[in-house]
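Structure record follows, encoded as structure tokens.
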Amino acid sequence: AQSVTQLDSQVPVFEEAPVELRCNYSSSVSVYLFWYVQYPNQGLQLLLKYLSGSTLVKGINGFEAEFNKSQTSFHLRKPSVHISDTAEYFCAVSVINDYKLSFGAGTTVTVRA
Amino acid sequence: ETGVTQTPRHLVMGMTNKKSLKCEQHLGHNAMYWYKQSAKKPLELMFVYNFKEQTENNSVPSRFSPECPNSSHLFLHLHTLQPEDSALYLCASSQVLQGTYEQYFGPGTRLTVT
């Protein structure tokens, strides 16, 4: 079975600074990888996904993530954050040919002025 | 309405009550999911329906009873709940045949059991 570890439970960051959220996964087979964002009192929204091809994936709101197969990682980055990026971020993995997702515990990002 | 909708958004119920949560997806998807989200814990997959058939029940207590009358609607019937069942319940849908696997989520129902 696959599993996901988000290495940071909370990440405080100043506005306009860069941010990186770390995600590692374990699986014995090939996977698809996702990052979701959850704003307060809302459901989860897909930020980006890696299915195949280029290992650098660009998503919405200026976020990008890089798939590293040898390190089994899928870290999320944004070069300059805004106050509106304050939210909880979830990394998720799906084994190819199995449509269920396994989620990490989440990383809370708090952006301060 | 677009996307995935859930009603009610908030629900307070006593341990002896019976209530139902409703989810509707307007995306033409063929799979629907119930998740439980508790504070500081990973999302817990509760039930999966694929083409209206339940394909997964992750050891969920029988006080939670799902129903999927068609591919667009999903219900979660609740009875004799416990305080530890208080959580955000999220519904999601996906299109399993196209190989993209991403799930689309509703806004959730915040459930408080008193």
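Values quoted throughout were computed directly from the atomic coordinates according to the rules given, and no laboratory measurement underlies them. Just so it is clear, the model here is predicted, and its values are computed rather than measured. Methodologically, a virtual Cβ is constructed for each residue, glycine included, from the backbone with ideal geometry; neighbour enumeration extends over all protein chains shown.
The table below lists the values:
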item	result
Neighbour-count ranking [beta-carbon atoms within 10 angstrom, fewest first] of A:69, B:52	A:69, B:52
Packing-based exposure ordering (other Cβ within 10 Å, fewest first) of B:32, B:15, B:46	B:15, B:46, B:32
Inter-site label distance for residue B:51 and residue A:46 at 7 Å from Cα along Cβ, in nm	2.2 nm
Relative contact order, percent, chain A [alpha-carbon distance under 8 Å, six or more residues apart]	37 percent
Counting DSSP beta bridges with both ends in the protein assembly as shown, the antiparallel % (nearest 5)	90 percent
Lys pairs, chain A - Cα-Cα below 17 angstrom, 8 or more residues apart or on other chains	5
Ranked B:114, B:55, A:107, criterion: other C-beta atoms within 10 Å, fewest first	B:114, B:55, A:107
Ratio of Rg to Rh over the range A:3-112 (Cα coordinates, Kirkwood Rh, two decimals)	0.95
Distance in nm between pseudo-label sites at residue B:39 and residue A:69 (7 Å out along the Cβ direction from Cα)	4.2 nm
For chain B: lysine pairs under 21 Å (alpha-carbon distance), excluding those fewer than 8 apart on one chain	5
Alpha-carbon centroid distance for the pair the range B:47-75 / the range A:1-73, whole angstrom	28 Å
